[in-house]
Every structure is written in structure tokens, then in C-alpha cells.
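Below is one structure; the comments refer to it alone.
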Amino acid sequence: MADTQQLRELDLVDAAPEQNFDSLTELAAHLLNVPVALVSIVDFDQDRQFFKSQHGLQDPWRERRQTPLDHSFCQHVVGRDCPLVVDHAPSHELVKDNLAIPNLGVMAYLGTPIYGEGEEPVGAFCVIADEPREWTEKDQATGQKISSCVSDLIRLKAARMTSERLRLEQQEFTNVLSHDLKAPTNTLALLHTELGLLLDSDKDSEALMMLEQCHQTTGRMNQLIEDVMSYTRVSGTEVDKRSLDLAIVVNDVIDDLAQQIQVSGATVSAGKLPRVVGVASQLRILFQNLIGNGLKYVAPGVAPKIEIAIGGTEGSRECVIDVKDNGIGIDPEDHGRIFGMFKRLHLASEYSGTGIGLALCRRVALNHAGNIDVHSRRGGGSVFSVTLPVATDG
């Protein structure tokens with residue numbers, strides 16, 4: 001049997017009601033034409049049953065949301081791990097002395113086990129009548145189906161909690177690993193600089209060339225660590241989304257990239273952009289990668305040209321933002337690959353990068369219940385289309 005701590009971790013006892021469970025008890029009361037339907041979690045450690053959901057209970061039980069086990073028929077469902085069908089409670093051998101009969105007015109009862117992660121029941125889904133009732137096979141089948149839905153909800157809660165715990169563990173591991181990796185790479189970079197100062201450029205040209213290669217390698221390692229950290233920070237992150245002016249976000253990114261824009265002779269323009277619902281820091285990461293790619297992936301001697309504009313609307317709730325460039329383009333057969341982690345189409349000697357940027361963009365888009373797609377062909381530039389939710393306040 002699950003102990004109290006396990007039940008609390010799943011928010012099944014001493015926790016607020018949840019609409020998903022309440023909808024099922026309301027549905028059961030309607031389908032079976034009963035005054036009361038309950039999702040009852042049996043907590044043997046605390047000698048009680050806690051109503052994760054209740055429909056039709058009267059005070060004080062409705063307000064308390066629990067009763068002692070001497071008021072519980074559900075304890076027998078859990079203890080025996082099988083349904084309990086009671087047509088006339090005062091004459092039923094198992095429950096005739098139960099205090100739920102005089103105090104809660106239980107005259108007929110139909111209960112079915114509900115389960116969590118394991119094979120042992122954590123409670124019962126039950127319906128109650130205040131007068132004797134002969135429960136038909138159809139009634140029992142309906143109760144069984146609804147109890148299966150309740151079990152699925154509990155298992156879904158458990159799966160989400162496990163997923164979140166693993167995500168946090170992975171994030172902590174990545175943070176520690178990245179910190180431990182950055183320390184030696186920073187030290188190596190410093191040593192490379194110091195060694196370069198000690199070498200004679202005329203006598204040690206070959207050594208200096210090898211040292212420069214080492215310096216570039218440690219630089220790529222540092223960039224890879226930073227990119228992995230960025231991906232970890234946004235992957236699966238649950239944060240409050242707010243209405244924000246996308247034009248401000250994009251213009252801030254353009255300002256941040258001003259030096260790269262100037263050096264490359266690029267032209268970067270942004271048209272009128274909408275207000276969206278999102279997280280400014282994550283959207284900055286998305287547009288910084290898309291604009292940065294437009295600055296980077298151009299043919300030699302070509303000045304980058306990047307345009308950011310509304311590409312369309314998806315009904316009234318979503319908009320599509322296009323980031324168009326005049327770069328080297330992407331073969332159609334590679335469109336599906338580029339959003340994967342560490343997927344690079346070019347050698348590091350041709351174009352720098354770690355292969356995480358577009359995976360990061362996709363993760364940010366998904367965090368905003370949106371998507372990102374690309375329209376491109378080799379030598380014909382690219383258009384990256386990002387779908388985002390539109391804010392209703394502007």
C-alpha cells in the first residue's frame with residue numbers, strides 16, 4: 001500500500017481539487033443517476049480516506065474532504081483489491097456496522113479500485129445512493145471504465161513528476177559538468193596565450209601555428225559548453241509567459257549583434273511586429289540564433305541581407321514571423337536534419353558553430369506552443385518561419 005508521503009508527492013492527499021478528477025465524478029453522477037460520486041484515496045497510515053474529488057457530499061464532509069476509516073467502504077475495495085457492490089448496506093455483512101450508514105446516509109455503494117504507478121490500489125472510485133439500489137452489470141461496467149480513467153490520470157501525474165525530477169537532475173548534472181569542463185578549457189586558453197608570448201615568431205613559426213590551432217580548439221570547446229548550457233536552460237522549462245512587444249525583443253537582438261553586422265557589411269531590417277505571449281529571454285535566444293546564422297552562412301564576398309517580418313497568421317491566436325536571408329541556402333533533403341542536436345551541414349573550417357543553435361530555436365518555439373520551419377534551397381537563401389501565440393492586449 002502507498003504510504004502517506006507517496007500519496008502527498010502525487011498530490012492525492014492534503015492537496016487541492018483538480019478539475020480533471022472533478023469532471024469524472026460529475027460525469028459518473030450523471031451517467032449512473034446517483035447523488036454522490038467520489039475519488040477516495042485510502043490512507044491507512046493516517047486512518048482516513050481523503051476525497052481527491054467529491055460530487056454531492058454534504059457538509060461537514062464536503063468541507064473536510066476526508067473521513068476516518070470507520071466511515072469508509074472504500075477501505076475494503078483497497079484492502080481486497082477488487083470491486084465492492086453493495087445493494088443494501090444495512091444488511092451487507094462486510095459493511096453493516098460502518099458509521100457511513102448513519103452519518104453519511106450510505107444505503108447503496110459501488111466501488112472500484114484505482115491505481116497509481118504500481119500494481120497495488122491507492123484508493124477507490126465509488127458512487128453512493130441514499131436508498132437501496134440493485135447495481136446492474138451496465139452500472140458496474142460504467143464504474144469500471146471511469147475508475148480506469150481516474151487511474152490513468154494518477155499515472156499521468158506520476159509520469160510528469162518523474163519526468164520533471166529527471167529533468168532537474170539532468171540540468172544539475174549538466175551545470176556541474178559544464179562548470180567542471182569550463183575551468184580546464186579556460187586554463188588551457190590562458191596557457192596558450194602565455195606560451196605564444198614566449199615563442200619567437202621568426203624561429204618558432206610552426207609551433208605558433210600549432211598553438212593557434214590549439215587555441216581555436218579550446219575556443220570551440222568553450223562555445224560548445226555555452227551552447228549546451230543554453231539548451232539545458234530552456235529545455236522543458238516552465239516559466240510565466242507574458243504579453244510582450246516582439247519588435248523590442250528583435251531590435252534588442254539587432255543592437256547586440258551590431259558589431260557583427262558592421263564588420264560583415266550586413267543589412268538587417270525588421271518590419272512591424274506584433275505583441276506575442278512569451279518569455280523575452282527565450283525569444284531573444286531564438287532570434288539571436290536566426291539572425292546570427294543569416295550573418296554567418298553567406299557566400300564569400302556577399303554582404304548579408306536579413307529581413308524579419310510577419311509572414312502570416314494562423315487564425316486569430318497565432319502569428320508567423322519570417323526571418324529571411326540571402327545566404328548559401330539549405331538542400332531540401334537536409335531540412336529535417338538541421339533542427340536536431342549537433343547536426344552540422346558544414347565543416348568547422350568552413351563555418352564556425354556547434355550544431356546546437358537551431359535545436360535551441362526549435363526548443364524555444366515548442367516552449368511557446370509554437371513551431372519553426374524552413375523554406376530554402378541551396379544557393380537561394382533561407383526563410384525560417386516561427387509560429388508564436390498572439391497577445392490579446394494589442
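Some observations on this one:
- Selection within the range 274-315 - farther than 22 Å from LEU360 by Cα and of a type in the set (A, V, I, L, M, F, W, C): ALA299, VAL302, ALA303
- Among residues of the range 257-284 that are in contact (Cβ under 8 Å) with a residue 24 or more places away in the chain, those with a beta-carbon under 8 Å from a residue that is crowded, with 17+ Cβ neighbours inside 10 Å and among the polar types (S, T, N, Q) at least six positions away or on a different chain give the pairs LEU257/GLN288; VAL279/ASN367; GLN282/ASN367.
- Boolean, LEU94 is touching a His at 6+ places or on another chain (Cβ under 8 Å), within 21 Å of PRO35 (Cα to Cα), surrounded by fewer than 17 Cβ atoms within 10 Å (Cβ to Cβ) and of a type in the set (A, V, I, L, M, F, W, C): no
- If you go through the range 108-160 and pick out every residue that is assigned to a loop (DSSP other than H, G, I, E, B) and either without any contact (Cβ under 8 Å) to a residue 60 or more places away in the chain or over 16 Å from LEU10 (Cβ atoms) (or both), you end up with 9.
- Qualifying residue in the range 114-137 (condition: of a type in the set (S, T, N, Q), within 41 Å of the chain's Cα centre (by Cα) and open to solvent by 60 Å² or more (accessible area, probe 1.4 Å)): no
- Figure legend. Inter-residue proximity from the range 61-73: first residues in a helix (DSSP H, G or I), second residues of a type in the set (Asp, Glu), beta-carbon distance below 7 Å, spacing 6+ or different chains. Indicated pairs: LEU69/ASP47.
- Residue in the range 354-361 that is at pLDDT 85 or above, open to solvent by 20 Å² or more (accessible area, probe 1.4 Å), within 23 Å of GLY271 (Cβ to Cβ) and of a type outside the set (S, T, N, Q) present: no
- Some residue of the range 146-168 being surrounded by 13 or more Cβ atoms within 10 Å (Cβ to Cβ), modelled with pLDDT under 70 and within 22 Å of the chain's Cα centre (by Cα): yes
- Within the range 36-81, considering residues that are crowded, with 18+ Cβ neighbours inside 10 Å and among the charged types (D, E, K, R), the one nearest to ILE154 (Cα to Cα): LYS52
- Note on the range 78-95: among residues that are in a loop (DSSP other than H, G, I, E, B) and in contact (Cβ under 8 Å) with a residue 40 or more places away in the chain, the one that is nearest to the chain's Cα centre (by Cα) is ASP81.
- Note on the range 310-345: among residues that are modelled with pLDDT of 80 or more and either closer than 15 Å to VAL390 by Cβ or of a type in the set (Lys, Arg) (or both), the one that is surrounded by the fewest Cβ atoms within 10 Å (Cβ to Cβ) is ARG317.
- Restricting the range 264-277 to residues that are part of a strand (DSSP E or B) and within 13 Å of ASP393 (Cβ to Cβ), the residue that is least open to solvent (accessible area, probe 1.4 Å): VAL276
- So MET221, is it open to solvent by less than 60 Å² (accessible area, probe 1.4 Å), in contact with a helix residue (DSSP H, G or I) (Cβ under 8 Å, 6 or more places away or on another chain), at pLDDT below 70 and not hydroxyl-bearing (Ser, Thr, Tyr): no
- Identity of the residue in the range 376-394, in a loop (DSSP other than H, G, I, E, B) and within 18 Å of ILE310 (Cβ to Cβ), that ends up most open to solvent (accessible area, probe 1.4 Å): THR392
- Filter pass, SER40 being in contact with an Asp or Glu (Cβ under 7 Å, 6 or more places away or on another chain), among the hydroxyl-bearing types (Ser, Thr, Tyr) and assigned to a strand (DSSP E or B): no
- Residue match in the range 11-34 (condition: under 15 Å from VAL127 (Cβ atoms), part of a strand (DSSP E or B) and out of contact with any Asp or Glu (no Cβ under 8 Å at 6 or more places or on another chain)): no
- As a summary of the residue check, ASN98 satisfies the conditions (1) touching a Ser or Thr at 6+ places or on another chain (Cβ under 8 Å); (2) closer than 19 Å to GLY56 by Cα; (3) assigned to a loop (DSSP other than H, G, I, E, B); (4) not hydrophobic (A, V, I, L, M, F, W, C) except for the one numbered (2).
The values are calculated or read from the model by the stated rules, or taken from the named source; none is laboratory data. Everything quoted here is computed from the prediction, not taken from an experiment. Glycine also receives a Cβ, built like all others from the backbone with ideal geometry; neighbour counts cover every protein chain displayed. Only protein heavy atoms, including side chains, enter the accessible area calculation; ligands, DNA and RNA are left aside. Shrake-Rupley method; radii C 1.70, N 1.55, O 1.52, S 1.80 Å.
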